[in-house]
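Notes for the one structure printed next.
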Amino acid sequence: MRFLDQPPRFLFFTGKGGVGKTSLACAGAVRLADAGRRVLLVSTDPASNVGQVFGQEIGNALVPIAAVPGLTALEIDPEAAAGAYRERIVGPVRGVLPDDVVRGIEEQLSGACTTEIAAFDEFTGLLTDQALLADFEHIVFDTAPTGHTIRLLQLPGAWSGFLESSDNGASCLGPLAGLDKQRRKYRAAVDALADPARTRLVLVARAQASTLREVARTHEELAALGLGRQYLVVNGVLPDTEAGADPLAAAIAAREADALAALPAALAALPCDRVALKPYNLVGLPSLRALLAGESGEAAPPAPAPAAADGLPRLAALVDDIAAAGHGLVMLMGKGGVGKTTLAAAVAVEFARRGLAVHLTTSDPAAHLAETLEGSLDALTVSRIDPHAETERYRAEVLATRGGDLDEQGRALLEEDLRSPCTEEIAVFQAFSRIIREAGRSFVVMDTAPTGHTLLLLDAAGAYHREMVRHMDKSGVAHYTTPMMQLRDPARTRVLIVTLAETTPVLEAARLQHDLRRAGIEPWAWIINNSLAAAQPASPLLARRAAAELAQIDTVRREHARRLALVPLQAVEPVGVDRLAALAAD
């Protein structure tokens, strides 16, 4: 594997949830230790199974792995780190600032940006602690900081006091408000990340066009910041040997081959490894060692009977229940790569085929949606919101209103804060809000919706919802509905959370649901998309993976979802009105 050739001291594995970066990080650490190196493996996965993999308890302390001489492990709990981090920032201002200001700061510190910076705060000690570095030849990190976090840490001063003086509810900047004393340590850590002699970034992806496009964006963003030593690993590639007797396996293999043949130019120049899909969960040292050796890792038992998820409804059942209302807002939410756009289009097409007026709106690239629909229906209206244009408009507005009184450093910090993911979510949601009103008389199906954290930011500091309420109260209007009020009304809005039947995507969906509930929004149903268990493949490898899905499906059914629908993995891409309708039809 080229990503382990002549490895530097630090190796960072990064990628979307569910692509296998934790397994690759563990397997890479084991291989280095087996070669006689002293290795520290650091995980920040909230559902870390490192202890299960190695058969021993691991926590927030250095623990030698008994079965692998030379390997030590550490699990950083990002949520606990973020909680401690929030308290260090908010604690000193409790009782000093008004309660509503403190609540606003706490919400600003509840998002993904804070969690990431808090975890990176833990990383810095490992990157700069000379005594620790003397003990280990390599430190392998599962999950690397994003370009947004690194840019924030590269900025000069003006950190202290910025948060308290800003009434902009869309800020993810909060964690930096108390980091002035940390500046030297952060600068040393960022320098280490940018030094190719010390650091290598391993970009982990699957052989899927959407995933590869996202990894290409990550590559370009990090390379622009000077983090140029990058390697690509395409994980979970279906072996050609599985395609012979199973039409579904053959279709998957063909799609993966097409995606790899059309590899984005930004990735084509990188050193690249491909790792074959395994039929088993990567638990236990034999499996980990086999992952990078191209071996099976365990004796192959006879192929099981095709796994089935009996008794679970398909998407059509949810569509029937929603359609009975005659109108309303349907929001599909979930992490990237789970198929939200396809399912949103399928729901909208089925409404239109039933003669119901429906407006499908998305912030996904227009070409993607046009290619997905490949046609039109009389009752279907389609619109696209340009995230870039809306975000630029929003940034200009905030800089003009909030940044007018800031000095040069403060303005630079605000400009960086406005590059955060939350900024785009808020800008796009403001554009979506103009369309939401239509849901009172027809169906509006919304793809790519904001997270609960973003909605709380909008609601916490006088953003759209509060401003609208204040305006309506002054005007004497007795009855009014703001977007936030509509989102919180289960009779008007149905939120569908989309996920996959895999550990990490389910965990991410559960965190999204928790965020939404904090914002007063109760998800109406979950959709498990691209399910092998529902497709019942004949390929021995896929059949074993289908059987492994059943545990995750059961977890969703028992612990998370009030309603649940299962969408089988399709042998043919669901492109075009007819195929989309088939996903949601009886």
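Some notes on this structure:
- Net charge, Gly336 excluded, C-beta distance under 9 Å - Lys, Arg +1, Asp, Glu -1: +2
- Using the Cβ-Cβ distance between Ala209 and Ala396 with R0 = 30 Å, the FRET efficiency computed as 1/(1 + (r/R0)^6) comes to roughly 0.35.
- For the range 1-67 versus the range 227-288, the inter-centroid distance based on Cα atoms is 20 Å.
- Each peptide in 213-223, 239-249 gets a packing score, the mean of other Cβ atoms within 10 Å over its residues, and the list from highest to lowest is 213-223, 239-249.
- Stokes-Einstein diffusion for the range 185-277, with the hydrodynamic radius set to the Kirkwood value over Cα pairs and evaluated at 25 °C in a medium of 0.890 mPa s, equals 169 µm²/s.
- Distant-in-sequence amide H partners of Arg494 (H built 1.01 Å from N, under 5 Å): Leu329, Val330, Met331
- For Ile139, residues with placed amide H under 5 Å, excluding near neighbours: Phe10, Leu11, Leu40
- Charge tally around Val233: other residues with Cβ under 12 Å, Lys/Arg +1 each, Asp/Glu -1 each, net +4.
- Using θ = phi - 60° in the Karplus curve 6.51 cos²θ - 1.76 cosθ + 1.60, the 3J(HN,Hα) couplings for the range 15-26 round to x, 5, x, x, 8, x, 5, 5, 4, 5, 5, 5 Hz; x is entered for Gly and Pro.
- Taking a sphere under 12 Å around the Cβ of Phe136 and counting the other residues whose Cβ falls inside, with K and R at +1 and D and E at -1, yields a net charge of 0.
- Backbone HN-Hα couplings from phi across the range 336-341 [Karplus 6.51/-1.76/1.60, Hz, Gly and Pro as x]: x, x, 8, x, 4, 4
- Convex hull of alpha carbon positions in the range 488-586: directionally averaged projected area 7.4 nm².
- Residue exposure sequence - Lys21, Lys185 - by fewest surrounding Cβ within 10 Å: Lys185, Lys21
- Residue order for Glu559, Glu87, fewest other beta carbons within 10 angstrom first, comes to Glu559, Glu87.
- Estimated inter-spin distance, His388 and Gln52, nm [label 7 Å along Cα→Cβ]: 4.2 nm
- Per-peptide packing, taken as the mean over residues of other Cβ atoms within 10 Å, places 65-74, 252-261 in the sequence 65-74, 252-261 from highest down.
- Spin-label pair Arg198-Glu79: with each label point 7 Å from Cα along the Cα-Cβ axis, the two points sit 3.3 nm from one another.
- Across the range 80-92, rounded Karplus estimates of 3J(HN,Hα) from the backbone phi angles (6.51 cos²θ - 1.76 cosθ + 1.60, θ = phi - 60°) give 5, 4, 5, x, 5, 5, 4, 5, 5, 7, 7, x, x Hz, Gly and Pro being marked x.
- Here r is the Cβ-Cβ distance between Glu221 and Leu62 and R0 is 41 Å; the resulting FRET efficiency, rounded to 0.05, is 0.80.
Each value in this text was obtained by applying a stated rule to the coordinates, not by laboratory testing. In this text, all values refer to a predicted model and were calculated from it rather than measured experimentally. All Cβ positions, glycine included, derive from the backbone under ideal geometry; neighbour counts span all protein chains shown.
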